[in-house]
Amino acid sequence: MKEFDIDVGFERNINFKKTRKEEYLNIDETLAELERSSSIIRLEMNSIELPLFSKDSRRVKDQIKVYHFKTDGSSYLEIEAPAGYSIPGEFEERAFIALTKIMKKHNYSRKFVVSANEILENLNVTNPIYFKKLKTAMELLAKTNYTFMNSLYSNEANSLINKKVHASIMDITIFTRKDKEAKNIEQFDDGRIKEVYQISFSDYFYNNIVQKGYLAFDSEKLLSIDNSIARSVWTMIEKWRGYDLYLRRPIFFIVRRIPLKWDKKNVARTVKTIEKALYELKEFSLIEDFAIIKERKWELAEVEVRFTETHNKVKRDTF
């Protein structure tokens with residue numbers, strides 16, 4: 001990689017090495033056994049279920065993450081952060097949700113201007129340390145490359161896009177008071193604001209992920225769920241149930257879409273993690289009740305979730 005310094009007129013080389021880690025999320029011996037022993041069919045992942053933001057607190061810098069959805073390698077999501085960064089995680093997800101919330105205030109416009117203060121207010125954080133953290137998160141959201149291979153749903157075609165798509169989440173332009181555009185930017189009426197972000201969601205993300213997925217949810221509720229795993233579980237089960245008041249799924253399906261570890265050493269612990277997330281959703285009144293069903297072994301355990309007509313009314317009001 002080369003970087004050209006205009007001011008002094010020379011090139012300097014930046015050497016770094018990226019590693020690659022691959023995970024198979026949708027197919028292993030557990031799924032094969034599930035399909036043999038029950039009426040469960042393999043579900044196609046929709047955009048809200050894609051692991052766009054990692055739940056791993058120990059993400060590795062300069063590591064490209066590839067999530068496979070088929071054993072033959074024909075369907076996957078590849079995430080590559082810029083040099084010196086790890087892939088987007090929990091804080092970047094919360095910043096992304098806050099941006100979709102702010103976008104609604106701008107009449108769902110794909111392009112809008114926002115200050116760091118407004119984003120942090122929506123995240124309900126006040127510590128000044130978060131300004132630096134947010135700026136890093138915003139750069140990461142703009143610079144991370146996502147490659148979708150037969151895994152991105154097309155809202156327009158109402159089907160999967162059967163080709164490789166390279167996309168970033170958004171483009172960001174930073175304006176300061178010194179820029180000529182500043183006089184036309186409303187946020188600068190507040191004397192405390194030193195710079196603002198012009199956000200422009202990319203076509204693929206806006207049409208097929210933001211619009212189809214995240215706008216169907218109450219962003220206030222999403223941001224109020226501190227547990228990122230609980231947040232993922234809720235978005236998945238809400239998508240799956242539609243307006244049904246009862247949902248039953250193998251825990252395996254949920255775990256592998258977050259994704260969490262799923263092997264013989266970790267299965268029972270992972271089920272407990274899902275159970276904890278469901279308890280949190282119940283405490284928030286986002287579900288009525290749930291039960292973990294284990295008839296033979298943890299690998300085949302299922303979860304049933306119940307809702308009420310009140311949940312459906314809230315859901316209709318949100319739409």
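The values are calculated or read from the model by the stated rules, or taken from the named source; none is laboratory data. Source: prediction; values computed, not measured. Cβ coordinates were reconstructed from backbone atoms using ideal geometry, including for glycine residues, and neighbour counts include every protein chain displayed. Areas reflect the complete protein model, heavy atoms only, side chains present, ligands, DNA and RNA absent. Shrake-Rupley method; radii C 1.70, N 1.55, O 1.52, S 1.80 Å.
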Legend entry - Those residues of segment 112-139 which are open to solvent by 10 Å² or more (accessible area, probe 1.4 Å) and in contact with an Asp or Glu (Cβ under 6 Å, 6 or more places away or on another chain), in sequence order: none
Inset, instruction - Quick one: count up the residues across segment 104-138 that are part of a helix (DSSP H, G or I) and not aliphatic (A, V, I, L, M). - result: 12
Legend entry - Residues of segment 147-173 satisfying the condition of being more than 27 Å from ARG20 (Cα to Cα) and open to solvent by 70 Å² or more (accessible area, probe 1.4 Å): GLU156, ASN158
Inset, instruction - Say whether the condition of being in a helix (DSSP H, G or I) and more than 27 Å from PHE69 (Cα to Cα) is met by at least one residue in segment 139-151. - result: yes
Legend entry - Long-range neighbours under 8 Å by Cβ, at least six apart or interchain, first residue without any contact (Cβ under 8 Å) to a residue 24 or more places away in the chain within segment 128-142, second assigned to a helix (DSSP H, G or I): TYR130/LEU120; TYR130/LEU123; PHE131/ALA116; PHE131/LEU120; LYS135/ALA116
Inset, instruction - Kindly indicate whether ALA291 is among the small types (Gly, Ala, Ser), open to solvent by 20 Å² or more (accessible area, probe 1.4 Å) and out of contact with any Leu (no Cβ under 6 Å at 6 or more places or on another chain). - result: yes
Legend entry - strands (runs of 3 or more DSSP E) (entirely within segment 8-96) containing at least 3 residues that are at pLDDT 80 or above: 19-24, 63-68, 76-80
Legend entry - Residues located in segment 296-319, provided they are charged (D, E, K, R), free of Cβ contacts under 8 Å to residues at least 60 places away in the same chain and open to solvent by less than 50 Å² (accessible area, probe 1.4 Å): GLU302, GLU304
Legend entry - Qualifying residues in segment 248-283 (those that are among the aromatic types (Phe, Trp, Tyr) and touching a helix residue (DSSP H, G or I) at 6+ places or on another chain (Cβ under 7 Å)) - the one least open to solvent (accessible area, probe 1.4 Å): PHE252
Inset, instruction - Could you tell me which numbered condition ILE237 fails, if it satisfies all but one of (1) in contact (Cβ under 8 Å) with a residue 60 or more places away in the chain; (2) open to solvent by 10 Å² or more (accessible area, probe 1.4 Å)? - result: (2)
Legend entry - Filter result for TYR197 (crowded, with 17+ Cβ neighbours inside 10 Å and at pLDDT below 85): no
Legend entry - LEU245 vs. criteria open to solvent by 20 Å² or more (accessible area, probe 1.4 Å) and hydrophobic (A, V, I, L, M, F, W, C): yes
Legend entry - The one condition in (1) among the hydroxyl-bearing types (Ser, Thr, Tyr); (2) within 26 Å of LYS104 (Cβ to Cβ); (3) in contact (Cβ under 8 Å) with a residue 12 or more places away in the chain that SER285 fails to fulfil: (3)
Inset, instruction - Would you check which residues across segment 84-111 are open to solvent by 10 Å² or more (accessible area, probe 1.4 Å) and more than 22 Å from ALA230 (Cβ to Cβ) and list them? - result: GLY84, TYR85, SER86, LYS104, LYS105, HIS106, ASN107, TYR108, SER109, ARG110, LYS111
